[in-house]
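K.L.:
Sharing a structure below in structure tokens format, with a few things to ask.
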Amino acid sequence: MTAPDAAAEPAAALVAALVALQRRVAAIPFDLATVEQADRRQLRDRVAGDLAGHIARIRDIDAPLLVVLGGVTGAGKSTFLNTMVGRDVVATGPVRPTTYAPTLVCHPTDADWFTSDRVMAELSRVETDSDVRDVGPTGAAVLRLLRSGTLPPGLALVDAPDVDSVASANRELADQLLDAADLWLWFTTGGKYADEDSMRYLRRARTRRTSLAVVLTLVHRIDLPEVRADFIGKLADEGLPDARLFTIHVTAIRAGRLPVGVGDELRSWLRRLADPEARRAHRNQTLQGGLDAVPDDIGQLIDAVGDELHQARRLMADVDHAYNRAEEDFAASLADGMPLRGEVVDRWDRFVGGSRVLKLTEAATGQARAWIRGLLANAGIGDERRLEQQVRVEVAGTVTATASQLSDLAATTVVDAWSATPAGRSLTAREPGLGHRSSGFDERITGAVRDWQQHVATLVASVGAERRSQARVVSGVVSLAATSAILLAMAHAGITGAEAGIAAAAGAANQGLLVKLLGEANLRKLVSDARTDLLQRFNDLLADERRRFIAVVAEVAPDPGHLDELADAGEALVAVRGG
Ligand SMILES: Nc1nc2c(ncn2[C@@H]2O[C@H](COP(=O)(O)OP(=O)(O)O)[C@@H](O)[C@H]2O)c(=O)[nH]1
Ligand SMILES: [Mg+2]
């Protein structure tokens, strides 16, 4: 940092790396409603804010030094701020635990540095001379800006809310301000300096290597040497042996201020910080410490996004599991037989299964025509058509019902599995219809089954056309009858014997008819094609059903590509700093 020109280029590269990283961090949505969601969003905002602070520190190395007065309740922060300003600008003593608007005081010529969103962008600014305590029901965080000629140019002081405030909004605001500080001025009292509340923050300052000075207040003059020595020991124990320590003994307070002569050492030290060299030194220490902490922060974010991704994939796996199972179940129910109504099946069996019919069909091809005539004569063409239609309707209804039921079952299974995690529950809540098959499913499955039956009819007709010897019989009415016979056999698992050998199962009237009409090999192939076709149609519909679930997960799941981008941006920063 000797010659500004020499420093300019690395600084520009560093800023570019930080800007890229900051954008990537700020863009992490953490939309999956995991148990950790709120913490993760908070981490993201904190890291993004820190990065913005680092960018500001590098870009504006000569900006006024931002000194944040932090610490426990009643430690004298507000009293000291009033003392520095020379008038009663903030209220002292117990404050209501409502959302607190912190006050930033700076020299009038420095105010422009703080009116913009260069630092602490999340806080809206209010410029008023009177103290703003309660910022209203929305609780939106406000930073009160005060210009005072009594502070030297180059120094800005912020009176932060108490870190042990009963209101969590105040504690969070205090953290936010401390994160934005170039230097912490930590206030603690003779009675509280060893408290965990206070020590936790001092540890944080040490870890982050934030420039730090500690102010020990409300100690009686007589106790001062002993308390001071004890506190120095505690600071050393916490790894802060070099922390600058000021003490302010108990004294009479007038108009919310310390009397002249008390706290002078601290006052003049602070005034000297306004010097450009001192400013740079403190700012740079905080910057370097902050930059050192970035890889760890990014690592935490990467872990968080990685875990979110993992959880999203588990939700996806629940979907796959349930719908794959539905596919298997449908195939199995086709193999095992669906619950057709007995009466239709019986009537059809009686229709095709008379011993006379079977006997006739065993006869030569020429007699088949007579058999058909006999069938028609027995049943009457109207009745025969009607029965054949009933079979088709019955099969369609049964297949449709089975498909709908399995689709419902898959949806319920996913919703049940999802109810085990908050992320899953919130997805189900977003889309209340997910617990059962989609509203359009019934119409689509009805169409699909109709198309399948049509396809089977086409298959039967084509087999008939190829089968020269019986070409004349396997046509028209018989073709329809054969179609129905096959549909029935398939739905009723009457063709299960097809794989084992049709002849073995040929005792069944329907099957016997089919073998006679189409031939064993044709029948086997036809049934296999028809089955594949139906399974495909069902699986296509299930894919749409499945997509409803995948879509809601995809909406909130992190993009794996962003994970890589985040890691790359983090590594790019490390490379720029190392190079
Ligand atoms: N007697 C006495 N009271 C003090 C001293 N410093 C602070 N106080 C009082 O302690 C209370 C809390 O001080 P305040 O500045 O509001 O502390 P803050 O909560 O850290 O902002 C106020 O009533 C102050 O008047 C001091 O040196 N002597
Ligand atoms: Mg106060």
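K.L.:
Once both labels are modelled 7 Å past Cα along the beta-carbon direction, what's the Arg350-Thr412 spacing in nm?
P.N.:
Label at Arg350, label at Thr412, 3.7 nm between them.
K.L.:
While we're looking at this one, here's another question. What is the spin-label model distance, in nm, from Ser116 to Ser439 if the labels are put 7 Å beyond Cα along the C-beta direction?
P.N.:
Each label point is offset 7 Å from its Cα along the Cβ direction, giving 5.2 nm.
K.L.:
Based on the Cβ-Cβ distance of Arg41 and Arg547, what FRET efficiency does E = 1/(1 + (r/R0)^6) give at R0 = 35 Å, to the nearest 0.05? Could you put the intermediate results ahead of the total?
P.N.:
Details: r = 29 Å, r/R0 = 0.82.
The pair Arg41/Arg547 has a calculated efficiency of 0.75.
K.L.:
So for the stretch 180-266: antiparallel DSSP bridges make up what percent, rounded to the nearest 5?
P.N.:
5 percent
K.L.:
On to the next question. Provide the gained length on full extension for the span Arg171 to His562, in nm with one decimal, where the gain is 0.36 nm per separating residue minus the Cα-Cα distance. Intermediate results must be reported in sequence, preceding the final value.
P.N.:
Numbers: separation 391, 0.36 × 391 = 140.76 nm, distance 3.17 nm.
My answer for the length gained is 137.6 nm.
K.L.:
Given the Cα-Cα distance of Leu245 and Arg430 and 0.36 nm per residue of separation, how much length would full extension add, in nm? Show your work: numbers first, answer last.
P.N.:
Working: separation 185, 0.36 × 185 = 66.60 nm, distance 5.49 nm.
This chain segment gains 61.1 nm when fully extended.
K.L.:
Now for a different question. Would you mind ranking Trp186, Trp113, Trp348 so that the residue whose beta carbon has the fewest other beta carbons within 10 Å leads the list?
P.N.:
Trp113, Trp348, Trp186
K.L.:
For the modelled label position 7 Å from the Cα of Lys234 along Cα-to-Cβ, which residues of the stretch 164-206 have backbone nitrogen atoms closer than 13 Å?
P.N.:
Under cut-off, by backbone N: 187-203.
K.L.:
Be a star and scan the stretch 177-194 for residues whose amide nitrogen sits under 11 Å from the point 7 Å along the Cα-to-Cβ vector of Thr207.
P.N.:
none
Bear in mind that the values in this text are calculations on the coordinates, not laboratory data. All of these numbers come straight from a predicted model, not from anything done at the bench. Glycine also receives a Cβ, built like all others from the backbone with ideal geometry; neighbour counts cover every protein chain displayed.
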